[in-house]
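Chemist: Sharing a structure here in structure tokens format.
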Amino acid sequence: MITRRNLLITGSAAITAGALYLAFKPGSPTDQPFRIGLISRSEINTLEPSQAATESPISIVWNIYDRLVQLSEAGDLEPRLAERWESNDRRDKWRFAIRSGVRFHDSGYGAGRTLGPSDVVFSIHRAVRLPGYARTLLVDVVEGVSDFLEGRANSIRGIRIDGDTVEFQLSRSFSFLPDRLAASYLSIVPEGTPDEGDTPAGTGAYALTAWDRTAQRITLRRFEGHWQKLSPDAPSEIVVRSVPSEALGAAELKSGGIDYAEFNATAYPAMNGQAGTLYRIREYDHTELRLIALNQQKPPFSTPHGATLGRALNLGIDRDILVRTLDGGTPFAGPVPTRPTERFQLPFDRAVARSLVDTVPKELRRIDLLVEPVDEARIIAELLVPQWSEIGLTVTAIYGRADFFPVVINGDYQMALAYYGPYIPSPEQYLWMYRADAAPVPNVMRFSNDTFEAAFTRYTAALSDTAAESALDQALAALLQQSPTVWVMKPPRYYASRRAVEIPRSAGLPVYARMKFQPPIG
């Protein structure tokens, strides 16, 4: 069996550790830059809020811009640019009172302006109009978004200004509008911001001062004019780099080239091998689930035996083996890894899985598994295939497809191992990917089930906690019964630092303004 210990790291990270790391005094922002390395992550290819679609650029957007509301570290909604909000009894009309006295940064389009409701309305129209994820958050609930997108209207009739308040008229009762407005894609920019050009000014705790696209280096400056009190430890300057190599990231941290690094499971051997007593490694919380999409429009999952196979695939996985091999993470066998839904899982039960497979015709027990071309997915697939063999399934893993995502989106697969990680970690957003109208992205399974759809709609429109809980339970039960997905685990995500530093996270993303330092190691 593959283990962490026999993963090979090629290349040498033998750079002397003689370089001194910078000292950070707790309680006072240092004049020295705090250097962050994002190891083997996606490129920082855009800082346009509505277009940033992967974790590296989104984590920068999260700190440059504000949203109307935001999830706290505890997962609760908290006021940002909206200082308060309310809905009518039907929850089909929402009002957000815009905070006064908020100023945009001193550089970029709209620099130095004071925020007003018109900036909010403009930002939402702009985000919806530009191709991207933002429109999907509003098109199904806000009146007039479809007409606006299809050119039948010049504006969204369901969004209007009333004094210092922005009002949303919805097409149906919907309890989760504030949650959706907390997404990074709906960050607020100055009114009139062009679609292309320089990065617009934000209102966040950090302002962009430099972006070297070639070197993949972002420089942020603490914004002293921010509307909210910042942590006294929040550095005056932060330099964020995308570091493409795991070995290089480990060497840079060891030598003092970076102060803090974030990385995935496959970088752990290199980082841990270099650590010694120089720096510490910890897991951080995030929203991502490793899962396997089961194509509901391809045999064997399009047959009457599809749901049985889905349940067997879930029940046939000993997820504790994955956690031990990856040196971390959380085994999770259900669609929503947040409270109070943990009980809705299909945990390991090899005997039941084998009995389910026995009811499936033999010709349907051979399945291809398309694997996302990253090391973590490969390791997981290599652990899953023999486990499924033990319950009577022959699964062939297909690795190294550079066209993995187009193939999956086009539906040219049987099973596909990838991930789903909403930046709004609510049950509504974890379940949204199973809506029929969410196909083909993120509903790449092409899953459609009337029982689930009806329960999900009742859940999002519920006017009481009791009704919401009942509907949510029914939606989750329908998903487990149909099993259009194999829910594998929450994979480990790590940070390493040369100092005992705490960077709180909101919706799995770092909040630099709340950074706190402790005395140096050693």
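The values are calculated or read from the model by the stated rules, or taken from the named source; none is laboratory data. This one's a predicted model, so the numbers in the text were calculated from it and none came from an experiment. We place every Cβ from the backbone using ideal geometry, glycine too, and count neighbours over all the protein chains shown.
Chemist: Which of the residues that make up the stretch 434-458 are outside any helix (DSSP H, G or I) and either polar (S, T, N, Q) or buried (at least 22 other Cβ atoms within 10 Å of the Cβ) (or both)?
Modeler: Tyr434, Asn443, Val444, Met445, Phe447, Ser448, Asn449
Chemist: Looking at Ser187, Ser173, which one is of a type in the set (Ser, Thr, Tyr), surrounded by fewer than 20 Cβ atoms within 10 Å (Cβ to Cβ) and touching a residue at least 60 places away in the same chain (Cβ under 8 Å)?
Modeler: Ser173
Chemist: A further question follows. Given the condition within 20 Å of Pro422 (Cβ to Cβ), buried (at least 21 other Cβ atoms within 10 Å of the Cβ) and aromatic (Phe, Trp, Tyr), answer yes or no: does some residue in the stretch 497-513 qualify?
Modeler: No, the stretch 497-513 has no match at all.
Chemist: For the subset of the stretch 317-345 comprising residues that are surrounded by fewer than 19 Cβ atoms within 10 Å (Cβ to Cβ) and among the basic types (Lys, Arg), which member is modelled with the lowest pLDDT?
Modeler: Arg339
Chemist: Just the residues that are modelled with pLDDT of 95 or more and of a type in the set (Ser, Thr, Tyr), please, taken from the stretch 72-108.
Modeler: Listed by number, the residues that qualify are Ser87, Ser100.
The rows are residues; the columns are (1) among the aliphatic types (A, V, I, L, M); (2) in contact with a Pro (Cβ under 8 Å, 6 or more places away or on another chain); (3) within 30 Å of Arg172 (Cα to Cα).
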position: Thr54; (1), (2), (3): no, no, no
position: Ser59; (1), (2), (3): no, yes, no
position: Ala74; (1), (2), (3): yes, no, yes
position: Glu78; (1), (2), (3): no, no, yes
position: Glu86; (1), (2), (3): no, no, yes
position: Ile98; (1), (2), (3): yes, yes, yes
position: Arg103; (1), (2), (3): no, no, no
position: Asp106; (1), (2), (3): no, no, no
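Chemist: Would you pick out the residues in the stretch 170-225 that are closer than 20 Å to Val121 by Cα, in contact with a Phe, Trp or Tyr (Cβ under 8 Å, 6 or more places away or on another chain) and of a type in the set (Phe, Trp, Tyr)?
Modeler: Within the stretch 170-225, Tyr185 is the sole residue that qualifies.
Chemist: Could you pull out the residue among Asp465, Asp473 that is among the acidic types (Asp, Glu) and either farther than 25 Å from Val69 by Cβ or crowded, with 23+ Cβ neighbours inside 10 Å (or both)?
Modeler: None of the other options fit; the residue is Asp473.
Chemist: Next question. Looking at the stretch 119-166, which of its residues are polar (S, T, N, Q) and part of a helix (DSSP H, G or I)?
Modeler: Ser123, Thr136, Ser146
Chemist: When Gly400 is evaluated against the numbered criteria (1) part of a loop (DSSP other than H, G, I, E, B); (2) at negative phi, which criterion, by number, is the only one it fails?
Modeler: (2) is the only condition that Gly400 fails.
Chemist: Next question. Can you tell me which residue in the stretch 159-169 is nearest to the chain's Cα centre (by Cα), limited to those that are of a type outside the set (S, T, N, Q) and surrounded by fewer than 21 Cβ atoms within 10 Å (Cβ to Cβ)?
Modeler: Applying the filter and picking the extreme gives Glu167.
Chemist: Turning to a different aspect of this structure: Do you know which residues across the stretch 211-228 are of a type in the set (A, V, I, L, M) and loosely packed, with under 12 Cβ neighbours inside 10 Å?
Modeler: Ala215
Chemist: If you don't mind, another one. Among residues belonging to the stretch 410-432 that are free of Cβ contacts under 8 Å to residues at least 40 places away in the same chain and part of a helix (DSSP H, G or I), point out the one that is nearest to Leu384 (Cα to Cα).
Modeler: Asn410
Every residue, every condition in (1) on the phi < 0 side of the Ramachandran plot; (2) in the same structural domain as Thr277 (by TED's automatic domain parsing), yes or no:
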{"position": "Arg446", "(1), (2)": "no, no"}
{"position": "Asn449", "(1), (2)": "yes, no"}
{"position": "Phe452", "(1), (2)": "yes, no"}
{"position": "Thr460", "(1), (2)": "yes, no"}
{"position": "Asp465", "(1), (2)": "yes, no"}
{"position": "Glu469", "(1), (2)": "yes, no"}
{"position": "Leu476", "(1), (2)": "yes, no"}
{"position": "Gln481", "(1), (2)": "yes, no"}
{"position": "Ala500", "(1), (2)": "yes, yes"}
